[in-house]
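S.K.: Sharing a structure, written as structure tokens. Questions coming.
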Amino acid sequence: MNSSRCAACRHLRRRCPSDCIFSPYFPSHDSKRFRCVHKIYGASNVAKMLQELPADRRAEAADSLYYEAYCRLKDPVYGCVGTITILCQQIHNAQCQLATTQAEIASLSAHSGLQNQYPATPTFNLIDQYDVASANWSDFNLQ
Amino acid sequence: MASSSSYNSPCAACKFLRRKCMPGCIFAPYFPPEEPQKFANVHKIFGASNVTKLLNELLPHQREDAVNSLAYEAEARVRDPVYGCVGAISFLQRQVERLQKELDAANADLIRFACNEIPAAGLQPAGIPPNLIHANPPPRHRSMEYNRPRIDGNGGGFYQTQSLPYAYPLPWNDNYNPQGGGLDGNF
């Protein structure tokens, strides 16, 4: 038995076994981290989610669960979905600005007769609207 | 919004939990029986009692958006048990950064092009023709502003938005208030 309990076992007021699923990811010095995830997901759901993952993925999962729980506590209506919305809007705005700027360049180049240097048709990389429903989630990694 | 409890058909939550769907069931307006997977995901990730507590802490007009955003997060987590929605945020952040670089480069090209191409006699004292003044590269803080969500949770800064291709109905309505209903950070 650990003489020093992890934050989860301390919060749950139980002994912290040597193979505690929480202890590597919820150290005793950061009680807020476990309180967040416990409030949103519940300890048993977090334990289940971590247990279903290979050991080398659990740290990242615990981090992302904490982040989402923190966002949900800050914004109980939208949680981290609000952040996704903002980012999509910013991408849309940037694409529009880019299109406008490249159109201006193309127009100037056409006007000045330097079509070979600057193409008449704006070219830029459009990213598809991010479609959560069909996305290949496994491609995304935390920075 | 469906209100299954007013009919004989139980809502998806009560069907899943195998209990009677009472009038006034907190789940019934948001988990219609035609969408069983929505509640199944939410229950798997958050648990029915946690969702009940979350909804009870919100005003009635906020609950539909909250349920839809929870359903969104739950589906994301089911699809990607390691990163959930955070994977999407990370991806989108990289897109924003890439586009910002492209935009900066395009604006710089535009200015260089304009300065090289316009005869000196046609320039304003600032060196830029009037019709291109608006094409000056915007200050970085004006072009795109966002707070980078970090793992320590210091995200924030919400803005009015437009619709997204969600699997579920939009989790917000026209009265989207990023500051509404939030906790003070003490938890």
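S.K.: Once the convex hull of the C-alpha atoms of the range B:12-79 is built, how many Å³ does it hold per residue, rounded to a whole number?
M.R.: Dividing the Cα hull volume of the range B:12-79 by its residues yields 77 Å³.
S.K.: May I pose another question? Which cross-chain or sequence-distant (5 or more) residues have an amide H under 5 Å from the amide H of residue B:26, H modelled 1.01 Å from N in plane?
M.R.: none
S.K.: Right, another one. Using Cα positions and a limit of under 16 Å, work out the lysines in reach of residue B:44, with same-chain residues fewer than 8 apart set aside.
M.R.: Partners found: A:39, A:48, B:15, B:53.
S.K.: Oh, and also: When the chain is fully extended, how far beyond the present Cα-Cα distance does residue A:56 get from residue A:111, taking 0.36 nm per residue of separation?
M.R.: Length gained between residue A:56 and residue A:111: 13.9 nm.
S.K.: Highest first, please rank the peptides B:20-33, A:5-18 by the mean number of other Cβ atoms sitting within 10 Å of their residues.
M.R.: Per-residue mean Cβ counts within 10 Å order the peptides as B:20-33, A:5-18.
S.K.: If you don't mind, another one. How many Å³ per residue does the convex hull of the Cα positions in the range A:1-67 occupy?
M.R.: Taking only Cα atoms, the range A:1-67 has a hull volume of 75 Å³ per residue.
Values quoted throughout were computed directly from the atomic coordinates according to the rules given, and no laboratory measurement underlies them. These figures come from a predicted structure and were not determined experimentally. Ideal geometry is used to build each Cβ from the backbone, glycine not excepted, and the neighbour counts take in all protein chains shown.
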